[in-house]
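Chemist: Take this structure, written in structure tokens, and hold onto it; I'll ask about it next.
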Amino acid sequence: MKKVLVAVSMIVLAATLSGCKEKVESSSVDPSFEKVKSAGVLVVGHTPVFPPMVFVNENNERVGFDVDLVTEVCSRLGLRLESREIEWANKEEELNSGSIDCIWNGMSVDSARARAMNLSDPYLTNRVVFVVKDSSLNHLDSIKGKRIGVQKASTAQLLLDKSEVGESAKEIVLIRDLVPEIEALDSGTVDAIYVDEVFAKYWNHSHGMAYTILEEGLYNEFYAVGFRKKDKSLRDTVNSILNELKRDGMFVELSVKWFGK
């Protein structure tokens, strides 16, 4: 996997990529946006355990970068936001059944998701990284033959399965969510985890931890919002508001709030 620079420029890069696209299709293409507008509510599917994108705080409130972002999008569209918790492994089924209008949860773009969903423009970039507790495990070779934890049904799992580290692992432990991954690392159930860097850095900072993020085996990816394949007008309308947020500075304001950059 390709080594890339860490950076706060991740956010800027994603903003630049998606900002160059304007709304190219009219909302008359299909009735998906009109249906949402008529109902007055956008039903968003997410998991509650992906800090700093979406999580539940000590006051039992859903918070995070994605929560603030979709709240602002809904506000500008005159819609009420309804958040619905979903099982990540069943996200496509939840979407296609009509129980939610979109998946907005720091969802990584990959070819399978692009085939299954109508994806928004990318709005953020991220890296997938190996994280360890034992400081002696400080390079890729040192974690070969070890137990590696990864979130089930995630792009990280797909990447790990195909990687040299994954192929040599003593065991790949599939874990339901990101917080249990950290708990498995802390307890010694696994020797390393393969997770989104935004989560690993946030966890270290917010919990005063010092888990080591390896600077090898990194993979650069994009986050996007997932809509039903047929819902082009809803996707295009959301894209237009995301681009508006990038132009007027709100996107940067939210980035500073949650990522400090």
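Chemist: Answer yes or no as to whether Val238 is part of a helix (DSSP H, G or I), within 18 Å of the chain's Cα centre (by Cα) and assigned by TED's automatic domain parsing to the domain that holds Glu34.
Modeler: Numbers: part of a helix (DSSP H, G or I): yes; within 18 Å of the chain's Cα centre (by Cα): yes; assigned by TED's automatic domain parsing to the domain that holds Glu34: yes.
When the stated conditions are applied, Val238 passes them.
Chemist: Only one of these is within 17 Å of Asn105 (Cβ to Cβ), of a type in the set (Ser, Thr, Tyr) and in contact with a Lys or Arg (Cβ under 9 Å, 6 or more places away or on another chain): Thr237, Thr155, Thr212, Thr189. Name it.
Modeler: Thr155 is the lone residue from the list that is within 17 Å of Asn105 (Cβ to Cβ), of a type in the set (Ser, Thr, Tyr) and in contact with a Lys or Arg (Cβ under 9 Å, 6 or more places away or on another chain).
Chemist: Another question, if that's okay. In contact with a Leu (Cβ under 8 Å, 6 or more places away or on another chain), assigned by TED's automatic domain parsing to the domain that holds Leu242, farther than 27 Å from Leu158 by Cα and in contact (Cβ under 8 Å) with a residue 12 or more places away in the chain: does that describe Arg62? Give the derivation first.
Modeler: Details: in contact with a Leu (Cβ under 8 Å, 6 or more places away or on another chain): no; assigned by TED's automatic domain parsing to the domain that holds Leu242: yes; farther than 27 Å from Leu158 by Cα: yes; in contact (Cβ under 8 Å) with a residue 12 or more places away in the chain: yes.
So Arg62 fails the test.
Conditions tested, residue by residue: (1) assigned by TED's automatic domain parsing to the domain that holds Cys102; (2) closer than 21 Å to Ser136 by Cβ.
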{"position": "Ala169", "(1), (2)": "no, yes"}
{"position": "Asp177", "(1), (2)": "no, no"}
{"position": "His207", "(1), (2)": "no, no"}
{"position": "Lys230", "(1), (2)": "yes, no"}
{"position": "Asn243", "(1), (2)": "yes, no"}
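Chemist: Filter the stretch 206-261 for residues that are in contact with a strand residue (DSSP E or B) (Cβ under 7 Å, 6 or more places away or on another chain), of a type in the set (Gly, Ala, Ser) and modelled with pLDDT under 95 and give the result.
Modeler: Residues of the stretch 206-261 in contact with a strand residue (DSSP E or B) (Cβ under 7 Å, 6 or more places away or on another chain): 211-214, 217-229, 231-232, 234-235, 238.
The next check asks that each one be of a type in the set (Gly, Ala, Ser); those that pass are 217, 224, 226.
Within the stretch 206-261, Gly217 is the sole residue that qualifies.
Chemist: Quick one: Val252 ticks every box in (1) under 27 Å from Glu93 (Cβ atoms); (2) assigned by TED's automatic domain parsing to the domain that holds Phe55; (3) out of contact with any Phe, Trp or Tyr (no Cβ under 7 Å at 6 or more places or on another chain) except a single one, so which number is it?
Modeler: The number of the failed condition is (1).
The values are calculated or read from the model by the stated rules, or taken from the named source; none is laboratory data. Because the structure is predicted, anything quoted here is derived from the model rather than measured. A quick note on method: Cβ atoms are made from the backbone with ideal geometry, for glycine too, and the neighbour counts reach across all protein chains shown.
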